[in-house]
1. If we count every other residue with Cβ under 9 angstrom of GLY140's Cβ, Lys/Arg +1 and Asp/Glu -1, where does the sum land?
2. In the structure displayed, which of LYS142/LYS203; LYS23/LYS428; LYS117/LYS406; LYS192/LYS406; LYS260/LYS374; LYS254/LYS428 lie more than 32 Å apart, Cα to Cα?
3. Classify segment 2-95 from the C-alpha gyration tensor, please: rounded if a/c falls under 1.5, else prolate or oblate depending on whether a/b exceeds b/c.
4. Output ³J(HN,Hα) for segment 79-93: one whole-Hz value per residue in order, computed from phi by the Karplus curve 6.51 cos²θ - 1.76 cosθ + 1.60 with θ = phi - 60°, and x for Gly and Pro.
5. Return the label of the correct value of Rg and Dmax of the Cα atoms in Å, as calculated from the structure shown, out of [x] 21.6, 63; [y] 23.2, 73; [z] 21.4, 69.
6. Please list, in order, the residues from segment 149-192 whose amide nitrogen is less than 17 Å from a point placed 7 Å along the Cα→Cβ vector of LYS260.
7. Return a whole-number percent for the relative contact order of segment 312-450, with Cα pairs under 8 Å and 6 or more residues apart as the contact set.
8. Output the relative contact order of segment 1-74, whole-number percent, from Cα pairs under 8 angstrom with separation of 6+ residues.
Amino acid sequence: MFSNIQKIHLIGAGGVGMSAVGKLLLLKGKRVSGSDLHLNEFTSSLQAMGAIVHAGHASEQVPADADVAVYTNAATEDNIERVRARELGIREMSYPELLGEITKEYDTIAISGTHGKSTTTAMIGTILEQAGFDPTVIVGSKASSFEHGNLRLGKSNWLVLEACEHMESMNKIFPHSVIVTSVEADHLDYYKNLENVISAFQKFVSQELKGPAIINADDKNSQEYKSVKNAITFGSASADYVWSNRSYGGGMQKFVISEKDGAQTQIELKVPGAFNASNATSAFALSRELGIESDIVARALLNYNGLWRRFEHVSEFNGAHIISDYGHHPTAITATLQAAREMYSDNRIVLLYEPHQHSRTKELFSDFVSCFDKADVLILSEIYRVSGRTEDENVSSRELADAIAKHNPDLETHYSADLVEAEKIARKIIKKNDVLIVMGAGDVDQVARNL
């Protein structure tokens, strides 16, 4: 079906995933139009490649001759462009459904999980590229080594794809091989409870696969997946691929991966943190199961330079290091702070955090209260509200800041009503040699760029 679609209208074209698919469509000779509430660097890149992208939604922006209107999950059924598409008799398709159609035409490696999807996707894309597989890669971030940032267009039949778990999107994919990096309670506005999250991933790993299902043996919520057909495990102990002897120094982390036959490979990474050792091991496991030599995998991982907004060193401000990170779950925050402590052991760590979604903040409130403990200073901005989602807003960052101060009186905590105020606080308190981590999935990255 995908090959028969020639004219596509993207509702929500500015999303990192949607824009990557838009680029793929353009490079395959399709006509692409679209819209988003606000134009951004992703819409600009689409425009530069020939797409017509509008700021804001309006019925007249939907081409009457479009074959399909593709919408993000944030564009609800009453979105004016979705309404117009139905009036014109244009087929509607969600972004995950379009991905599903695309994956039918490839041998798709789908990477999903609560944490580490983008990094693992980019690592595997880098490995396959250097191994001569010439893959197409769609990643939910930007990799400097990929020509189009969030997209690498290859000529082979291999596709490496980040498969988001929101609203069970990953189960619209038709994969050759899968990786589940980790499973935690998240997106509870949709899933309601952890048990439903675990069940959704059970469906993901239980598909009929030509290749392996790579499972994290360290993850307590992934244990039942180890019995699925084609399961291959990775972890820090008792797994098919085990990472161990991790150390950090000279701007690199080093560790050893031991394979099930006893073979060992020394790995060096430029990106810090135990979580990245785990991500790299999952990529190593997948690559070895595809028959790629271990020395090629190790060399590719050494050449991996990280991603946009994934512990990204943006600049320096008044002698302080400015780092931008996309993390917005308590576990990701804790892991990022641990990595910062490892990399900058003698520096003061200042975290400027913008919570993402009222529902996540409310459901994981107690975890958020304790996840900032490894920071020296916390600047907590008001919660980012996601467009198109109806939420109960009876929780605030001020309430969270008060709970954090009660839990950890030694943590210097500042509340800000918005990002403008948060930036002013940061500019006032940042000192030479500080490490400022600007963190969150909303608009907070702009503060890092401003500094």
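1. 0
2. Pairs exceeding 32 Å: LYS23/LYS428; LYS117/LYS406; LYS260/LYS374; LYS254/LYS428.
3. Oblate.
4. Along segment 79-93, the couplings run 4, 4, 7, 5, 4, 5, 4, 5, 4, 7, x, 7, 5, 9, 8 Hz.
5. So the calculated entry is the one marked [x].
6. What the label zone holds, given the 17 Å backbone N cut-off, is 177-180.
7. Averaging sequence separation for qualifying contacts and normalising by length gives 38 percent for segment 312-450.
8. 40 percent
Computed from the coordinates by the stated procedures, all read-outs in this text should not be read as laboratory data. Given the structure is predicted, the values throughout are model-derived calculations rather than measurements. Every residue, glycine among them, receives a Cβ derived from its backbone with ideal geometry; neighbour counts consider all protein chains shown.
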